[in-house]
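Enquirer: Below you'll find the structure I mean.
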Amino acid sequence: MIIQDHDGVGPRATIKDVANLAGVGVGTVSRVLNQAPQVSAKNIAAVTKAIEELGYRRNDTARTLRTGATKSIALLVQDVADPFFSQLNRAVEDVVVRLGSVLLTGSSSRDPARTQNLILNFCSRGVDGLILTLPEGIDEQYLIQENQRGVAMVCVDRPPRELNVDTVLTDNRGGAAKGVQHLISHGHRRIACITDEPTMYTVQERLRGYEDALAQAGIEVDPTLVFSGSPSISNVAEALEAMLQSSEPPTAIFTGNGPSSMAVLNVLRTRSMHLAIVAFDDFDQADIVEPGITVVAQDPHLMGVTAMALLQERIKGSKVPARTVVQATELIQRGSGEVFITA
């Protein structure tokens with residue numbers, strides 16, 4: 001019997017307390033907790049009732065020492081507040097919780113030192129696996145070492161350069177080409193491209209897709225219609241102003257990611273400009289403005305679920321060669337990209 005203290009709260013119940021109350025051995029309680037086979041329905045019911053009466057909670061620290069598994073997963077993204085990464089985080093978290101594990105999440109902020117500190121802290125806590133969105137240009141040697149020591153890893157959104165692990169990507173190049181082709185099909189030939197920092201893998205791939213679509217249509221790329229840099233409103237406003245003041249201004253814009261899209265919409269709203277737009281990445285306001293914003297949508301939820309499935313395989317010991325999964329995009333037409341230009 002557990003003796004309560006003066007506040008009415010007794011010490012934490014142990015597995016022995018559960019066994020004594022249920023009238024079974026400690027081994028039987030352990031098998032019930034681990035959902036092992038060959039436990040009678042009578043004993044399962046007795047153990048379950050005892051657990052409920054005692055408020056027993058498994059000692060995960062002891063379990064970790066015994067099995068080496070912490071029942072925890074770590075997720076590193078660029079910025080957990082970004083809508084894309086927020087959806088990715090939720091997808092991973094839903095799977096982790098369903099598995100009875102815990103998710104640790106951190107934001108790299110594109111900072112190599114911060115990234116390394118977070119990842120090594122995750123590893124020092126003995127996480128069972130890592131899902132990583134790696135900043136461009138980081139030294140991957142410490143990741144290779146941790147992976148060789150047995151830490152399962154999957155990369156998402158951006159491929160590693162040297163680390164040989166499973167990777168889940170979006171078809172950035174094909175999706176961008178699809179969006180620009182859509183504008184071309186509506187008669188546009190002067191199509192601006194406004195996107196994020198050129199060092200980013202996703203930006204590079206989407207710029208290639210933009211160029212692919214123009215080349216396929218026999219349209220020469222005009223460098224004066226391309227802005228790739230920090231997508232602040234002031235930077236985008238300056239770039240757009242220069243484009244619109246040229247002798248051949250753009251009639252349409254392809255935006256390369258969410259921050260670029262929001263900056264462009266802010267500039268167009270304040271200056272009462274009306275241009276056809278196709279945006280890469282869906283966002284909350286896309287179907288609220290008038291006209292709605294046509295987008296090339298990727299699926300962060302599916303990316304998170306796929307990454308977790310691959311990670312679980314690695315945690316269970318899969319030795320198959322590293323795989324790269326490339327997920328398709330979807331063109332969602334809402335009006336902004338369906339404005340025809342007649343010759």
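Enquirer: For the chain: lysine pairs with Cα atoms under 23 Å, gap of 8 or more or different chains, count?
Expert: Within the chain, the lysine pair count is 5.
Enquirer: Which is the longest part of the chain that has none of the GluC sites (Glu not before Pro) sitting in a DSSP loop with at most 10 other Cβ atoms within 10 Å?
Expert: Details: sites that count: Glu162, Glu220.
Between exposed loop sites, the widest span is 1-161.
Enquirer: Continuing with the same structure: Considering only DSSP beta bridges with both partners in the chain, what is the antiparallel share in %, to the nearest 5?
Expert: So the antiparallel bridges in the chain amount to around 10 percent.
Enquirer: Whenever you get a sec, compute what percent of the accessible area on the stretch 76-153 sits on carbon and sulfur atoms (1.4 Å probe).
Expert: The computed percentage sits at 45.
Enquirer: Per residue, how large is the accessible surface of the stretch 218-327? Use a 1.4 angstrom probe and give square angstrom.
Expert: Dividing the accessible area of the stretch 218-327 by its residue count gives 48 Å².
Enquirer: If I build a Gaussian network model for the chain, linking alpha-carbon pairs within less than 10 angstrom, which residue out of Leu118, Leu268, Leu88 has the largest mean-square fluctuation?
Expert: Taking springs between Cα atoms under 10 Å, the residue moving most is Leu268.
Enquirer: Hey, can you grab everything whose amide H is under 5 Å from the amide H of Asp282? Only 5+ residues off in sequence or another chain; H modelled, so Pro and N-termini drop out.
Expert: Here Gln298 satisfy the definition.
Enquirer: With springs only between Cα atoms under 10 Å apart, run a GNM on the chain and tell me which of Ile277, Ile315, Ile44 wobbles the most.
Expert: Ranking Ile277, Ile315, Ile44 by mean-square fluctuation puts Ile44 first.
Enquirer: Anyone know which of Arg90, Arg125, Arg149 comes out most mobile in the 10 Å Cα GNM of the chain?
Expert: Comparing Arg90, Arg125, Arg149 in a Gaussian network model of the chain, the most mobile one is Arg149.
Enquirer: Using the Karplus curve 6.51 cos²θ - 1.76 cosθ + 1.60 with θ = phi - 60°, work out ³J(HN,Hα) for each residue of the stretch 155-170 in order, rounded to whole Hz, and write x for Gly and Pro.
Expert: Coupling constants for the stretch 155-170: 9, 10, 6, 9, x, x, 8, 10, 5, 9, 9, 4, 9, 10, 10, 9 Hz.
Enquirer: Quick one: accessible area per residue over the stretch 83-150, 1.4 Å probe, rounded to a whole number of Å²?
Expert: On a per-residue basis, the stretch 83-150 sits at 49 Å².
Enquirer: To continue, here is another question. Under 5 Å between amide H atoms, partner at least 5 residues away or on a different chain: which partners does Leu134 have, H built in plane at 1.01 Å?
Expert: When sequence neighbours closer than 5 places are left aside, the close amide H contacts are Val156, Arg158.
Enquirer: Separate question: Taking N as the number of residues in the chain, what is its Cα Rg relative to 2.2 N^0.38 Å?
Expert: Dividing the Cα Rg of the chain by 2.2 N^0.38 Å gives 1.30.
Enquirer: Go ahead and estimate [θ] at 222 nm for the chain from helices alone: -39,500 (n - 2.57) per DSSP H run with n ≥ 4, summed, over the residue count, rounded to 500.
Expert: It lands at -13500 deg cm²/dmol.
Enquirer: Between Lys316 and Glu248, with labels modelled 7 Å along Cα→Cβ, what's the label distance in nm to one decimal, could you check?
Expert: Taking the simple label geometry, Lys316 and Glu248 are separated by 5.7 nm.
Enquirer: Give, as a single signed number, the net charge of other residues whose beta carbon lies under 14 Å from the beta carbon of Pro231, with Lys and Arg counted +1 and Asp and Glu -1.
Expert: Residues close to Pro231 contribute a combined charge of -4.
Enquirer: Now for a different question. Can you give the direction-averaged projected area of the convex hull of the alpha-carbon atoms in the stretch 88-177, in nm²?
Expert: Across all orientations, the stretch 88-177 yields a mean hull projection of 6.5 nm².
The values are calculated or read from the model by the stated rules, or taken from the named source; none is laboratory data. Just so it is clear, the structure is predicted and the values come from calculations on it, not from any experiment. Cβ sites come from the backbone with ideal geometry, for glycine too, and all protein chains shown count toward neighbours. When the accessible area is computed, the model is the full protein with side chains, heavy atoms only, and any ligands, DNA or RNA have been set aside. Shrake-Rupley method; radii C 1.70, N 1.55, O 1.52, S 1.80 Å.
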